[in-house]
Amino acid sequence: MVANLLDAQDWTPFEDRYAATGRAPYAPRAMMGLILYGIMHGVSSLRSLERLARVDLGAMWVTGGIASDHANIGRLICLHEQALSQTFVEDLARTVLARTGTSTACLALQQIMTHPGAQTVFRQRKAMVEPVFSRLRQQQGLPRFRRRELAGVKREFALHALAYNLARAVALSLYRILWVLWWRYLGRFA
């Protein structure tokens with residue numbers, strides 16, 4: 001599912017940054033697939049991503065067999081800082097929502113927060129530990145951010161949040177498929 005979601009994205013902003021001459025670069029789709037797949041599995045350091053690309057079958061599937069070294073992964077992130085903006089993350093999130101059949105009404109939290117009554121209710125949630133953040137810390141290995149500037153931290157968090165949502169979308173779609181198969185199986189005995 002991750003590979004299909006990445007195939008549906010527009011990669012021209014990434015590809016336009018490369019020169020027409022010289023050695024052919026790694027495909028940005030494959031490299032971003034490796035980064036997102038790694039984050040979904042709690043791997044976020046560049047050397048660990050390099051190792052994951054060489055060892056893990058799922059990473060090999062997402063990248064199409066490309067096993068880049070850590071320096072090239074880092075160069076991709078630095079080169080495409082503008083393309084890894086909010087627009088790319090939002091486009092990928094919209095694709096996830098469309099594929100899973102989720103409506104965009106689920107994303108209307110900012111509009112809800114403009115209501116004064118909602119603001120008082122959500123202020124109380126500051127005292128609670130959110131399960132999403134605990135999962136980001138434990139499952140995705142995000143005890144601290146690796147970027148130093150605010151823009152870098154925002155991009156890193158956006159990638160982690162996107163990987164979290166991708167993992168949930170994959171789990172939800174598998175759950176739906178298994179549920180349908182289970183009811184078909186039970187229908188044979190009725």
| said: Show the residue pairs meeting these rules: Cβ distance below 8 Å; 6+ apart or different chains; first residue within the range 159-183 and farther than 22 Å from Ala93 by Cβ and assigned to a helix (DSSP H, G or I); second residue at pLDDT 80 or above and of a type in the set (Lys, Arg). | reply: none
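Looking at Thr100, Thr120, Thr95, Thr114, can you tell me which residue is at pLDDT below 70 and surrounded by 14 or more Cβ atoms within 10 Å (Cβ to Cβ)? Give the derivation first.
Details: Thr120 fails: surrounded by 14 or more Cβ atoms within 10 Å (Cβ to Cβ); Thr95 fails: at pLDDT below 70; Thr114 fails: surrounded by 14 or more Cβ atoms within 10 Å (Cβ to Cβ).
Just a single option satisfies the conditions, and that option is Thr100.
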| said: Could you check the range 5-29 and list, in sequence order, the residues that are over 13 Å from the mean Cα position of the chain (by Cα) and in contact (Cβ under 8 Å) with a residue 24 or more places away in the chain? | reply: Ala8, Asp10, Pro13, Phe14, Arg17, Tyr26, Ala27, Pro28
| What residue, among those in the range 138-158 that are of a type in the set (Gly, Ala, Ser) and in a helix (DSSP H, G or I), is surrounded by the fewest Cβ atoms within 10 Å (Cβ to Cβ)? | Ala151
| field | Given (1) within 25 Å of Arg144 (Cα to Cα); (2) part of a helix (DSSP H, G or I), number of the condition Ala30 does not satisfy | value | (1)
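The values are calculated or read from the model by the stated rules, or taken from the named source; none is laboratory data. The model shown is predicted, which means the values in this text are computed figures rather than measured ones. All Cβ positions, glycine included, derive from the backbone under ideal geometry; neighbour counts span all protein chains shown.
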